[in-house]
1. Is region 260-281 home to any residue that is part of a loop (DSSP other than H, G, I, E, B), crowded, with 19+ Cβ neighbours inside 10 Å, within 17 Å of the chain's Cα centre (by Cα) and of a type in the set (V, I, T)?
2. Working only within region 162-219, note down all residues that are closer than 24 Å to L261 by Cβ and at pLDDT below 95.
3. Checking the structure you have, find out if any residue of region 119-131 is closer than 20 Å to H23 by Cα, over 19 Å from the mean Cα position of the chain (by Cα) and modelled with pLDDT of 95 or more.
4. Has region 248-255 got any residue that is acidic (D, E), in a helix (DSSP H, G or I), in contact with a Ser or Thr (Cβ under 8 Å, 6 or more places away or on another chain) and over 27 Å from M150 (Cβ atoms)?
5. Got at least one residue in region 217-240 being in contact (Cβ under 8 Å) with a residue 40 or more places away in the chain and exposed (fewer than 15 other Cβ atoms within 10 Å of the Cβ)?
6. Of the numbered conditions (1) basic (K, R); (2) outside any helix (DSSP H, G or I); (3) closer than 29 Å to D107 by Cβ, R63 satisfies every one except a single condition; which is it?
7. Could we say that F169 is of a type in the set (F, W, Y), surrounded by fewer than 16 Cβ atoms within 10 Å (Cβ to Cβ) and not in a strand (DSSP E or B) here?
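The values are calculated or read from the model by the stated rules, or taken from the named source; none is laboratory data. These numbers come from a predicted model, not from an experiment. For neighbour counting, all protein chains shown are included, and Cβ atoms are generated from backbone atoms with ideal geometry for every residue, glycine included.
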Amino acid sequence: MRCIRRIHEVRVKELPGTIVDFHVHLFPDRLFEKIWDFFGKGYGWEVRHRLYYRECVEYLRERGVGPIVYSNYAHREGVARSLNEWNLSVVDEIPDLYCFAAYHPGDDDALEMARRMLDHPRVLGFKLQLLVQRFHPHDERLFPMYELVMERGKRLLLHVGTGPVGNEFVGFAHFEKLLKRYPDLPANVAHMGALEFREFFGLLDAHPLLFFDTAFSFLPGAPVRFDLGNGVLERYRDRIVYGSDFPNVIFPREDEINFLLGLDLSQEFYDAVFFENGMRIIQGGV
């Protein structure tokens, strides 16, 4: 009797042919240089890719990134207007580029500027870097902007977690307080909500417009690492977008991609996180 050996075909997981990167930083050249110097002097972090904005875009395009969603932020009052003038020129210059623009609630013209910025179809909303900007996400001065963003069908990108470093303006408790006032806030939380992963992911079922990005959360040598396991990633794969944090990274950009591929999640996970979810947000399907 002849024995028949069955060979099971193993499908190797792979990235989609085109990637959407939902967490890139672009700044004017001189401001980029100041940020890189601050990272070195303030945190001892050596930024690996000291590339200016056109070089950043070219570098990512050469590595399979299609739509790029970048952000910048007003580190103090009086900065947002000039930064946003620069943002408008950049998105008009470069196709397939999308922006979370700068906002500071201390500016006299903040809401007027916000209305103008949201008129642009490739301005997705606003970035708040609460660690640097040093105000709470539930600061009442922000409420008119939040309501305008919701009215216009746009979004927010919030650095509101305590990782990789924290202060009194970030953390789950502050974000939870904001959601009690605005439960339908359309927001992307940077860095998977690090370091309070469990608490932030516990919000997803009750708040359907929340998303997370992967930036700085899946690096083998980093002090911040997502730790809730593959089951949670698969359960919420439709609520996660890939983000590189490029170019302000201290590890090779490819390390995070390789680590995620090494988790051997479903192909559906990689397709959703690296392409489909980002496109859904860009196209207004969320």
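1. So in region 260-281, the residues part of a loop (DSSP other than H, G, I, E, B) come out as 263-266.
With crowded, with 19+ Cβ neighbours inside 10 Å added as a condition, the list becomes none.
Looking for residues that are part of a loop (DSSP other than H, G, I, E, B), crowded, with 19+ Cβ neighbours inside 10 Å, within 17 Å of the chain's Cα centre (by Cα) and of a type in the set (V, I, T), one finds none in region 260-281, hence no.
2. G163, P164, F216, L219
3. So the first thing to find is which residues in region 119-131 are closer than 20 Å to H23 by Cα, and the list is 120-131.
Checking the rest, the ones that are also over 19 Å from the mean Cα position of the chain (by Cα) come to 120.
Going one step further and asking which of them are modelled with pLDDT of 95 or more, we end up with 120.
Yes, because at least one residue in region 119-131 is closer than 20 Å to H23 by Cα, over 19 Å from the mean Cα position of the chain (by Cα) and modelled with pLDDT of 95 or more.
4. Of region 248-255, the ones acidic (D, E) are 254-255.
Remaining after also requiring in a helix (DSSP H, G or I): 254-255.
Next cut, in contact with a Ser or Thr (Cβ under 8 Å, 6 or more places away or on another chain) only: none.
The answer is no, given that none of the residues of region 248-255 is acidic (D, E), in a helix (DSSP H, G or I), in contact with a Ser or Thr (Cβ under 8 Å, 6 or more places away or on another chain) and over 27 Å from M150 (Cβ atoms).
5. Checked region 217-240: at least one residue is in contact (Cβ under 8 Å) with a residue 40 or more places away in the chain and exposed (fewer than 15 other Cβ atoms within 10 Å of the Cβ).
6. The one condition R63 does not meet is (3).
7. Details: of a type in the set (F, W, Y): yes; surrounded by fewer than 16 Cβ atoms within 10 Å (Cβ to Cβ): no; not in a strand (DSSP E or B): yes.
It is false that F169 is of a type in the set (F, W, Y), surrounded by fewer than 16 Cβ atoms within 10 Å (Cβ to Cβ) and not in a strand (DSSP E or B).
One line per residue, one yes/no per condition, for (1) at pLDDT 95 or above; (2) in a helix (DSSP H, G or I):
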position: F39; (1), (2): no, yes
position: Y70; (1), (2): yes, no
position: Y73; (1), (2): yes, no
position: N87; (1), (2): yes, yes
position: V91; (1), (2): yes, yes
position: F100; (1), (2): yes, no
position: M117; (1), (2): yes, yes
